[in-house]
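Peer 1: The structure that follows is given in the form of structure tokens.
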Amino acid sequence: MKLRLLRCLRQQSAKPAAVMGQKEEQLQAVHGHHMLKDMSKGGRDTTVKILLLGTAESGKTTIIKQMRILHINGFTDDERREKIPEIYQNIHESILQLVAQMGLMGIDFGSCTSERSADYILSLPGSAPEYLNEEYCDHVTTLWNDVGIRACYDRSSEFPLLDSAKYFLDNFVRISDAEYIPSTEDILHSRKITTGISQITFRVPIPKSMGGGEQEFRMYDVGGQRDQRNKWIQVFEGIQAVLFLISCSEFDQNLREDPSQNRLQEALKLFRAVWQNRFLASAGLIVFLNKYDIMERKIRAGKHIVDYFPEYEEFCKRPQQDNCFDESDWTKMFIKQKLVDITQEPFKRHSRNQVDLGTSERECYYHFTVATSTRCIRDVFCDVQKMILSDNVSGMGLL
């Protein structure tokens, strides 16, 4: 009876949420148009504009969520409830993908019960159920506890799987509760493909050493998939800083949209294009080398970047660096050096989008981050904020 009553209440609140979603889709183009107009007003606007760039699943949207947590009081209970369908979909896609890969990878289920549960999951559509009934929950729990599914998960770098799959499946009992309300950590781990342009505006205190007061920041997020990147140029104007995210953990994975392309190689190629783009020549550039925690777990599990980047072996022959104590440290430094090398390449003039800056000084700042850790992002963004205010804003006479 309690579950039935809750379902009724959710059905009543689901309709406005659906309507809200439809309105958001209808207004998305108009919303993006107004943002573009806002970004091109000129020097009178003292708002510091930051553009988030990077490949898909690098953590850009998670940074937007963190800014909301840190500077706009987080999420209300209603906003948390609105995230439930997204989290259900993440769980459903994860278990469906794992089951589908079992046969392709030649991995057997650990029991006949698990095989029946797999048949049940495969019989469902790709969209998650609106409510997690007892039968569905039993099958998901059975599968996640299966030794075969765990073996399949251990090889998840060989097929597309959400980084948050383990987090949500480990917490499935809590999430499947009828009275479930997503925690902040759940929201940070949830993923939904970004399309179009989104933004968040917030204010932060200015250090007394820089005059005190407050500074308004506006952060823009654009989709990182290949078919979304043609929209990036629309938001280049008026940008004071670019925050480029690259996932350290993706050295052994390939793109969803192009299974033949290594994800880290794609990210490095994209960074080169951003670094050399003439429309961003005056913007400060900060790189978040994100998801190093996942990278470290992969290395402990036996993955090695040298299997995908043979030049890593030569890199490790360099004189011992003070901050390199194990393979994880060397891997982090190797990826960072890849980026540093790109910034030292001569600028090519074969494209009108590129400009020769060989005679000017331009710096790039690097931070290793875990985007799902609020403490980490708070500490790192504090440094980023000071850098932007001192190097970019003051130089442009905005303070």
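The values are calculated or read from the model by the stated rules, or taken from the named source; none is laboratory data. All values derive from a computational prediction rather than experimental measurement. Please note: Cβ atoms are built from the backbone with ideal geometry, for glycine as well, and neighbour counts cover all protein chains shown. Ligands, DNA and RNA are excluded from the accessible area calculation, which covers all protein heavy atoms including side chains. Shrake-Rupley method; radii C 1.70, N 1.55, O 1.52, S 1.80 Å.
Peer 1: State whether one or more residues within the stretch 150-159 are over 29 Å from the mean Cα position of the chain (by Cα), more than 27 Å from Gln261 (Cβ to Cβ) and open to solvent by 10 Å² or more (accessible area, probe 1.4 Å).
Peer 2: No, there is no match, as no residue in the stretch 150-159 is over 29 Å from the mean Cα position of the chain (by Cα), more than 27 Å from Gln261 (Cβ to Cβ) and open to solvent by 10 Å² or more (accessible area, probe 1.4 Å).
Peer 1: Kindly indicate whether any position in the stretch 268-286 is basic (Lys, Arg), touching a residue at least 12 places away in the same chain (Cβ under 8 Å) and touching a strand residue (DSSP E or B) at 6+ places or on another chain (Cβ under 9 Å).
Peer 2: Yes, the conditions are met somewhere in the stretch 268-286.
Peer 1: Let me ask something additional. Quick one: in the stretch 345-393, which of the residues that are modelled with pLDDT of 85 or more and among the small types (Gly, Ala, Ser) is least open to solvent (accessible area, probe 1.4 Å)?
Peer 2: By that ranking, first place goes to Ala371.
Peer 1: In the stretch 274-304, what count of residues is obtained for those that are closer than 16 Å to Pro346 by Cα and open to solvent by 50 Å² or more (accessible area, probe 1.4 Å)? Steps first, answer last, please.
Peer 2: Looking only at the stretch 274-304, we keep the residues that are closer than 16 Å to Pro346 by Cα, and these are 274-278, 281.
Now drop any that are not open to solvent by 50 Å² or more (accessible area, probe 1.4 Å), which leaves 278.
Selection size over the stretch 274-304: 1.
Peer 1: What do you reckon, is Ile91 under 22 Å from Ile193 (Cα atoms), modelled with pLDDT under 95, out of contact with any His (no Cβ under 6 Å at 6 or more places or on another chain) and open to solvent by less than 40 Å² (accessible area, probe 1.4 Å)?
Peer 2: no
Peer 1: Could you check the stretch 110-128 and list, in sequence order, the residues that are within 23 Å of Lys192 (Cα to Cα) and open to solvent by less than 40 Å² (accessible area, probe 1.4 Å)?
Peer 2: Listed by number, the residues that qualify are Ile121, Ala128.
Peer 1: Please count how many residues of the stretch 233-260 are modelled with pLDDT under 70 and open to solvent by less than 10 Å² (accessible area, probe 1.4 Å).
Peer 2: Count: 1.
This table checks each residue for (1) at pLDDT below 95; (2) open to solvent by less than 90 Å² (accessible area, probe 1.4 Å).
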{"residue": "Arg4", "(1), (2)": "yes, no"}
{"residue": "Met20", "(1), (2)": "yes, yes"}
{"residue": "Ile50", "(1), (2)": "yes, yes"}
{"residue": "Gly59", "(1), (2)": "yes, yes"}
{"residue": "Gln66", "(1), (2)": "no, yes"}
{"residue": "Gly74", "(1), (2)": "yes, yes"}
{"residue": "Ile84", "(1), (2)": "no, yes"}
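Peer 1: Tally up the residues in the stretch 181-203 that are surrounded by fewer than 17 Cβ atoms within 10 Å (Cβ to Cβ) and either outside any helix (DSSP H, G or I) or not β-branched (Val, Ile, Thr) (or both), please.
Peer 2: Counting residues in the stretch 181-203 that are surrounded by fewer than 17 Cβ atoms within 10 Å (Cβ to Cβ) and either outside any helix (DSSP H, G or I) or not β-branched (Val, Ile, Thr) (or both) gives 10.
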